[in-house]
1. With the structure loaded, tell me whether Glu127 is of a type outside the set (Gly, Ala, Ser), surrounded by fewer than 21 Cβ atoms within 10 Å (Cβ to Cβ) and modelled with pLDDT under 90 or whether it fails that test.
2. Does Ser303 qualify as being in a loop (DSSP other than H, G, I, E, B) and open to solvent by less than 70 Å² (accessible area, probe 1.4 Å)?
3. Take the conditions in contact with a Gly (Cβ under 8 Å, 6 or more places away or on another chain) and within 21 Å of Glu61 (Cα to Cα) and apply them to Pro143. Does it pass?
4. Just a yes or no: is a residue in the range 256-263 assigned to a helix (DSSP H, G or I), open to solvent by 10 Å² or more (accessible area, probe 1.4 Å), within 24 Å of Phe81 (Cα to Cα) and at pLDDT below 95?
5. Return the pair list, or none, for Cβ contacts closer than 9 Å from residues in the range 198-220 that are of a type in the set (Ser, Thr, Tyr) to residues that are in a loop (DSSP other than H, G, I, E, B) and open to solvent by 20 Å² or more (accessible area, probe 1.4 Å), at least 6 apart or on different chains.
6. Would you check which residues across the range 126-177 are outside any helix (DSSP H, G or I) and among the aliphatic types (A, V, I, L, M) and list them?
7. Would a scan of the range 193-212 turn up a residue that is at pLDDT below 90, open to solvent by 40 Å² or more (accessible area, probe 1.4 Å) and within 18 Å of the chain's Cα centre (by Cα)?
Amino acid sequence: MYTTGSTSLAANNLRLHAGNVLVRSEATRALRPVIVELTDAGIPPLRVGGLVSAMVEATVEKCIGWVAPFSARSDDFSWLFLGSLARREPLPVSDVDTALVWRDDAAVHPSGEDVATRAGDVLTMVEQTGLSRCPDGANADNPLFHRSHDEWLRRARGWVAHSDGPGALLLAVMLADSRPVTGLLLGRSLEAELRAIPSDDAFLRRALADALARRPPIGFVKDFVVEASGAHRGQVDLKRGGLGPTVAIGRWLALRTGSPIASTQERLQMGADEGLLSADEAAQLRHAHRQVYELVFTAEVESLRAGSPVSTFLDPRSIDTLSRRHLRQSFKAIANVQDRLEAEWLGRGR
């Protein structure tokens, strides 16, 4: 049975690796200037995002390796990335969303309290490197995001079967965007078993309804529906109105087909390959996702360059006429696919 020991043990562990954390911190902080340079050099943002994902993964994996019991190089524990890092398409200042699974027959059997403490030590180190844990609680030290292998499967089956329960759909959908970064055999085994859980029609309908809830900010009369008041008056939220809907449709496609973790671009193409999207729909959504991702990515790079707060809001008047027209076309393409999916999949059984 694994025990945490004294509080001083954790403190000594953190101090022991302080020099390594400092070195990793310097490397991580150098990442953002590199992102700016690569963007200035004309490297496509989605490719730069893949580099960001690899660098963050290396940093987090190093921090995990400094904390017992995760430091043992075994398959007893697997740390998972969630969200955009799992899909390898983070933005320059994306948070680090994590979860944790351990073997039921592992030699070391941690309690939930043990895991929370040790996972918290890892995330403290991660933050010392200049990265940020998820402010909304999607972190491996949160009891909602650490469980044994069998408990994850039991909970996931419950979420799928009772997706109308509080938070069930959100957590089930998040598991579609998970990728192991340590303990790969255990993590991949869990992924495969999660994908094999039968998804009933009610769950898939709720997942699609959730995906379609984010609508692009366009109107019948005005080019864009902008914020009417507040700090973002006259602006549109590119992440919620453009990036979010395309990512959500890709995630629903993954849930429906039981496919392994992939990027949004790959998922949208897979939707066409599986006959869930037409070839034109897939091409339009891929273009829309790429365009909005590039706009958000570039805006974050400009904020990093200027040392100003990062925002996903854009004033449409700040971009040239051609780019504004293309953005509206992308938003319309997203809305058209949303309307078609809603009529075809959610209209059934009404």
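The values are calculated or read from the model by the stated rules, or taken from the named source; none is laboratory data. The structure displayed is predicted, hence computed values, not measured ones. Cβ placement follows ideal geometry from the backbone for every residue including glycine, while neighbour counts extend to all protein chains displayed. When the accessible area is computed, the model is the full protein with side chains, heavy atoms only, and any ligands, DNA or RNA have been set aside. Shrake-Rupley method; radii C 1.70, N 1.55, O 1.52, S 1.80 Å.
1. Spelling it out, it is not the case that Glu127 is of a type outside the set (Gly, Ala, Ser), surrounded by fewer than 21 Cβ atoms within 10 Å (Cβ to Cβ) and modelled with pLDDT under 90.
2. no
3. yes
4. Taking every residue of the range 256-263 in turn, at least one turns out to be assigned to a helix (DSSP H, G or I), open to solvent by 10 Å² or more (accessible area, probe 1.4 Å), within 24 Å of Phe81 (Cα to Cα) and at pLDDT below 95.
5. Ser199/Gly258
6. Scanning the range 126-177 gives Leu131, Ala138, Ala140.
7. Checked the range 193-212: at least one residue is at pLDDT below 90, open to solvent by 40 Å² or more (accessible area, probe 1.4 Å) and within 18 Å of the chain's Cα centre (by Cα).
Quick grid of which residues meet (1) among the acidic types (Asp, Glu); (2) open to solvent by less than 10 Å² (accessible area, probe 1.4 Å); (3) in contact with a strand residue (DSSP E or B) (Cβ under 8 Å, 6 or more places away or on another chain); (4) closer than 30 Å to Pro45 by Cα:
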{"residue": "Gly83", "(1), (2), (3), (4)": "no, no, no, yes"}
{"residue": "Val101", "(1), (2), (3), (4)": "no, yes, yes, no"}
{"residue": "Arg118", "(1), (2), (3), (4)": "no, no, no, no"}
{"residue": "Asp121", "(1), (2), (3), (4)": "yes, no, no, no"}
{"residue": "Cys134", "(1), (2), (3), (4)": "no, no, yes, yes"}
{"residue": "Gly137", "(1), (2), (3), (4)": "no, no, no, yes"}
{"residue": "Arg154", "(1), (2), (3), (4)": "no, no, no, no"}
{"residue": "Ala161", "(1), (2), (3), (4)": "no, no, no, no"}
